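The values are calculated or read from the model by the stated rules, or taken from the named source; none is laboratory data. Note that the coordinates shown come from a computational prediction; the quantities given were computed from them, not determined experimentally. FYI the Cβ positions are ideal-geometry reconstructions off the backbone, even for glycines, and counts take in every protein chain you see.
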Amino acid sequence: MSIAEVNEKGTIPPETAGPKVKNREPIEEVESITIRFAGDSGDGMQLAGTQFTNVSAILGNDIATFPDFPAEIRAPAGTLAGVSGFQVHFSSTDIHTPGDRLNALVAMNPAALKTNIKDLNKDGILIVNVDSFGTSDLFKANYKTSPLEDDSLKGYRIVRVPINKLTREAVTECKLTPREADRCKNFFALGLVYWMFERPMEPTIKWIKEKFAKNAQYVEANVRTLKAGYNYGETVEIMPVQYRVAKAKISPGTYRKITGNEALALGLVAISQTMNKTLVFSGYPITPASPILEQLSDMKRFGIKTLQAEDEIAAVGVAIGASFAGALGVTATSGPGICLKSEAIGLAVMTELPLVVIDVQRGGPSTGLPTKTEQADLLQAMFGRNGECPAAIVAPQSPADCFDMAFEAARIATEFMLPVFVLSDGYIANGAEPWRIPKIENLPKIKITHATQPNSNNGATHENGAGEPGKYLPYLRNEKLVRPWAIPGTPGLEHRIGGIEKQDGTGNVNYDPLNHEHMVKTRAQKVANIADTIPPLAVSGPDKGELLVIGWGGTYGSILTAVQRAQRKGLSVATTHLRYLNPMPKNTEAVLKNYKKVLVPELNSGQLCWLLRAKFLVDAIGLNKIQGRPFLVSEIEAEIERLLLNK
Amino acid sequence: MSITALPTLTTKELTSDQEVRWCPGCGDYSILAQMRKALTTCGIPKENLVFVSGIGCSSRFPYYMNTYGFHTIHGRAPTFATGIRLARPDLQVWMITGDGDGLSIGGNHLIHALRRNIDIKILLFNNEIYGLTKGQYSPTSRQGTKTKSSPQGSIDNPLRPLTLALAAEASFVARTIDVDVTHLTSILQKAAAHKGSAFIEIYQNCKIFNDGIFDYVTDRTLKSDNALYLEHGKPMIFGKDRKKGIRLKGLEPEVVTIDKDCSENDLLVHDEKAPSATLAYLLSRFANPKFPECVGVYRNVERPTYEEGLENQIQAQLAAKGKGDLEKLFKNDDLWVVE
């Protein structure tokens, strides 16, 4: 590359100007770094962020990521609406969030700069692609004057790089069109930050070779660009410093990176394998749940059958039909899809069939914020059906936890014969963290029994039809109030079920007033009985004290980190997290009542808070954020301090 | 190879212990009876039969069959039936629906089940009225039908179920009539033997809210002039003295009298196996009084079912890559080992 030209562009601050090859930058050891790649949605920022994450994980850092992309596939290039970002937090210590504030920001154009600069620390490193700061680029981002030429970026450590130009130079021998050449520029930026944070290039080079295996030209161009970016950092004295983030202390094992959606898909495959049962998955494309359908569609070798249904209702109908026939039926969607599925979920409650319904929550109501996260479907899952229609609800607390909660959902659905909601959200669905790969032999074993014999004279406990020999009574319950699961193809157990109220025992259509009341209560009690099979709430912090912070689902990492920080400041605060929402663990009330104050941070207007107040008469206080974005640790920390120190 | 006799059943074995609760004189009784009769010789053990229904008078049907049955929710029966077939291609699945359930609230699912050619036998009981909700006009009610919800007569143009089924690429399409018991039984048996989606429209009289709506094809004195019984490979002839026929004039059909100017050879010949659905479509547009309404099998062709397609993909994947290995799947990503 031509350093002289870099000079001419004025990218090197005057005081350090001059082409100069030097030894090494001073290396600064830091505990953790948060970096965000931001650019136009066509700039390949998700790819750059993913590669950076993989390399950091391989290096032994703990990692957490937060991809943030627009709902439009290709919003007009260069506009504020089209900005796509990928944030990576990598650390030498145990971390639970993708980080609040940025140590470094890569801004590929003015729009990316404008929408992201507010999150950069005051002394943070700002890498800008100066080639995309022309008049029209600035205009599209609503800049009247170039922020690179006034004081608005004062204080940041700016690294001005002509990325387009340098990328084109790097690929001159590859015979690409200018357009193709420009598409390599994310690798230039990536190479540069690899150098800055001491990351090896080899894993990404390997990835490029596999990804573009059919096009040697692209392999060559991308590898050259990546190396050019790296060498640029090493060669040109415009980079403030190099950083080192040591390996984190992590439990021994083999790890990979996993997103919540990947973990749900792998969990479902593992369930099907360990249960030795066909899993029928039916979904309808919807953001942010579609990746689950996509991944499972390629798992035919694992006994997974998928069907892309004509709509959300059909998707759940297919799943319920499959369960009736003896498979495990699963569907996945987001909030609007749950609305459409509600009536059918009611049928699964009434017919007491196993069903797993994954809701990857997004901002609502209505179409809402399709690509942004929210936790606003809890009460919908609890109550959003006609009649009194209880279903079980679990909520994974992190991307990797999605794997475990998929197992729990399948276990509960089949052990108790009912629908189970898995409330994931856009944040953990797309965010990634390290996942310690479980040993196959250690995976939970879910036992399933299908009725094979008439049951009417098996210790009959109900008057309806019981005692009459040789009959199959589909609603004759066991001690947990669970009905048997007899599947078509079993001779002698032919029976009919449906959505009309059933006579307990026989399952026959029945409109008797007392039977109806009995059945409504029985269905509720059956859900309550699940509490006997779930772990108690564990508290992190003092057993009793001033303040308990309790959350559910994807807010786990932010809450835990905030509480740990407050504890380090000497505050009497504990935290616990609900992964089971219906029923809640049996000790929930006892835990809540051990603290003078209860704080419930949620990405909604206070849905869990409302439930806790209603169920346990505790004066729970909500901390509510409804901005389509996860909590910052600092937001929760500030509220803890406000409550305890009256700040 | 030893020869095993196909299982035969009695209608009694196929009858559940539940009391049938349709209105006296309802066409559904006849359909239920013919269904039981048709299944006695189909060779399917009753534990392998599943009846799935939606909501409406006809959808109570599964309760009366001593087979596996699932009375689901309004309009969605095709989805549950699809799930059953996906999970268990060894089961024979019958779906019972009506004109409101199947064509109004559930129209979407019906279309998609048919286009996928998933192996479900769909019986659409068409009585041109909402019966269970006590008499509102339905999507098949003729224009001008006066009901409680259309006191000045219905404004909307009715749907023709068979036209819709053909447009959705159904591989088996037929029409029969509740009171024509022999014909009804034979159509049910043909549907049972068909591989893929079978769609049968059954003209069904609602004694209470729409009585006599199909008299023109059921009344002894009227039916021969108004109903044309389709026979594969035979010219289309109808009428009291079998003197009327259907002839094509350009692209349009016409009713002709068979005489010296027009012989049987000039008439349209029915071909239920025709690769194109054009003829079946043309017949599906026939409406009284201008044309006789055709009864019988309109279309009966073979094309791959969804289940077969899925099974083929599964087998191809297994052949190419072997049975799924969970550990390999988990490790199919960049890995790092922490000691």
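Of everything in segment B:142-170, what is touching a strand residue (DSSP E or B) at 6+ places or on another chain (Cβ under 7 Å), part of a loop (DSSP other than H, G, I, E, B) and surrounded by 16 or more Cβ atoms within 10 Å (Cβ to Cβ)? Give them in sequence order.
The answer is B:THR145, B:SER154, B:ALA170.
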Query raised in the report: What do you reckon, is B:ILE31 of a type in the set (Val, Ile, Thr) and either assigned to a loop (DSSP other than H, G, I, E, B) or out of contact with any Asp or Glu (no Cβ under 7 Å at 6 or more places or on another chain) (or both)?
Result: no
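Can you find, within segment A:170-202, the residue that is nearest to the other protein chains (Cβ to nearest Cβ) among those that are closer than 18 Å to A:ALA221 by Cα and surrounded by fewer than 17 Cβ atoms within 10 Å (Cβ to Cβ)?
Among those residues, the one meeting the criterion is A:GLU202.
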Residue pairs qualifying under the 6 Å Cβ cut-off, at least six apart or on distinct chains, with the first in segment A:125-137 being over 16 Å from A:PRO76 (Cβ atoms) and in the same structural domain as A:ARG168 (by TED's automatic domain parsing) and the second being among the charged types (D, E, K, R) and surrounded by fewer than 23 Cβ atoms within 10 Å (Cβ to Cβ), are A:ILE125/A:ARG157; A:VAL128/A:ARG160; A:VAL130/A:ARG160; A:ASP131/A:LYS165
message = Could you go through segment B:86-106 and let me know if any residue there is in a helix (DSSP H, G or I), surrounded by 24 or more Cβ atoms within 10 Å (Cβ to Cβ) and within 11 Å of another protein chain (Cβ to nearest Cβ).
response = yes
Those residues of segment B:243-286 which are in a loop (DSSP other than H, G, I, E, B) and in contact (Cβ under 8 Å) with a residue 40 or more places away in the chain amount to B:HIS270, B:GLU272, B:LYS273, B:ALA277, B:ARG285, B:PHE286
Q.
Can you confirm whether A:SER398 is touching an Asp or Glu at 6+ places or on another chain (Cβ under 9 Å) and within 19 Å of A:ASP94 (Cβ to Cβ)?
A. yes
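With the requirement that a residue be buried (at least 24 other Cβ atoms within 10 Å of the Cβ) and either out of contact with any Ser or Thr (no Cβ under 9 Å at 6 or more places or on another chain) or more than 7 Å from chain A (Cβ to nearest Cβ) (or both), what does segment B:71-80 give you? Before you say what the answer is, go through the steps one by one.
At the first step, the residues of segment B:71-80 found to be buried (at least 24 other Cβ atoms within 10 Å of the Cβ) are B:71-73, B:75-80.
The answer is B:ILE73, B:GLY75, B:ARG76, B:ALA77, B:PRO78.
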All-but-one check, A:LYS122 against (1) surrounded by fewer than 20 Cβ atoms within 10 Å (Cβ to Cβ); (2) charged (D, E, K, R); (3) assigned to a helix (DSSP H, G or I), failing number (3)
Residue pairs qualifying under the 8 Å Cβ cut-off, at least six apart or on distinct chains, with the first in segment A:353-376 being at negative phi and surrounded by 20 or more Cβ atoms within 10 Å (Cβ to Cβ) and the second being among the basic types (Lys, Arg) and not in a loop (DSSP other than H, G, I, E, B), are A:VAL357/A:LYS341
Report task. Return yes or no: is A:LEU307 out of contact with any His (no Cβ under 7 Å at 6 or more places or on another chain) and more than 7 Å from chain B (Cβ to nearest Cβ)? Result -> no
Exactly one of B:PRO89, B:PRO139 is within 28 Å of B:THR40 (Cβ to Cβ) and either out of contact with any strand residue (DSSP E or B) (no Cβ under 9 Å at 6 or more places or on another chain) or modelled with pLDDT of 95 or more (or both), and that one is B:PRO89
Inside segment A:206-231, the number of residues satisfying the requirement of being surrounded by fewer than 16 Cβ atoms within 10 Å (Cβ to Cβ) and either within 14 Å of chain B (Cβ to nearest Cβ) or more than 17 Å from A:GLU173 (Cβ to Cβ) (or both) is 6
The number of residues in segment A:143-172 that are in contact (Cβ under 8 Å) with a residue 40 or more places away in the chain, farther than 19 Å from A:GLY78 by Cβ and over 34 Å from the mean Cα position of the chain (by Cα) is 4
From the option list A:ILE250, A:ILE292, A:ILE286, single residue qualifying as under 24 Å from A:ILE437 (Cβ atoms), assigned to a loop (DSSP other than H, G, I, E, B) and either assigned by TED's automatic domain parsing to the domain that holds A:VAL422 or not hydroxyl-bearing (Ser, Thr, Tyr) (or both) is A:ILE250
Selection over segment A:171-193 where residues are part of a helix (DSSP H, G or I) and touching a Phe, Trp or Tyr at 6+ places or on another chain (Cβ under 9 Å) yields a count of 9
Exception for B:ILE55 within (1) more than 9 Å from every other protein chain (Cβ to nearest Cβ); (2) within 23 Å of B:TYR203 (Cβ to Cβ) falls at (1)
Output for Cβ contacts, cut-off 9 Å, separation at least six or different chains, first residue without any contact (Cβ under 8 Å) to a residue 12 or more places away in the chain in segment B:208-236, second aliphatic (A, V, I, L, M), reads B:ASP215/B:LEU222; B:LYS223/B:ILE177; B:LYS223/B:VAL217
Hey, does segment B:38-47 have a residue that's hydrophobic (A, V, I, L, M, F, W, C), at pLDDT 95 or above, surrounded by 24 or more Cβ atoms within 10 Å (Cβ to Cβ) and more than 22 Å from B:ILE111 (Cα to Cα)?
yes
When every residue in segment B:310-339 that is part of a loop (DSSP other than H, G, I, E, B) and over 40 Å from the mean Cα position of the chain (by Cα) is compared, the one surrounded by the most Cβ atoms within 10 Å (Cβ to Cβ) is B:ASP334
Here the residues within segment B:285-339 that are closer than 30 Å to B:PRO235 by Cβ and polar (S, T, N, Q) are B:ASN288, B:ASN300
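Residue check: is A:ASP94 touching a residue at least 12 places away in the same chain (Cβ under 8 Å), within 14 Å of chain B (Cβ to nearest Cβ) and part of a loop (DSSP other than H, G, I, E, B)?
On the way: touching a residue at least 12 places away in the same chain (Cβ under 8 Å): yes; within 14 Å of chain B (Cβ to nearest Cβ): yes; part of a loop (DSSP other than H, G, I, E, B): yes.
Taking the combined requirement at face value, the residue satisfies it.
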Are any of the residues in segment A:75-84 over 20 Å from A:LEU126 (Cα atoms), in contact (Cβ under 8 Å) with a residue 12 or more places away in the chain and of a type in the set (A, V, I, L, M, F, W, C)? yes
The helices (runs of 4 or more DSSP H) lying wholly within segment A:307-409 that contain at least 1 residues that are under 24 Å from A:ARG613 (Cα atoms) and aliphatic (A, V, I, L, M) are A:378-383
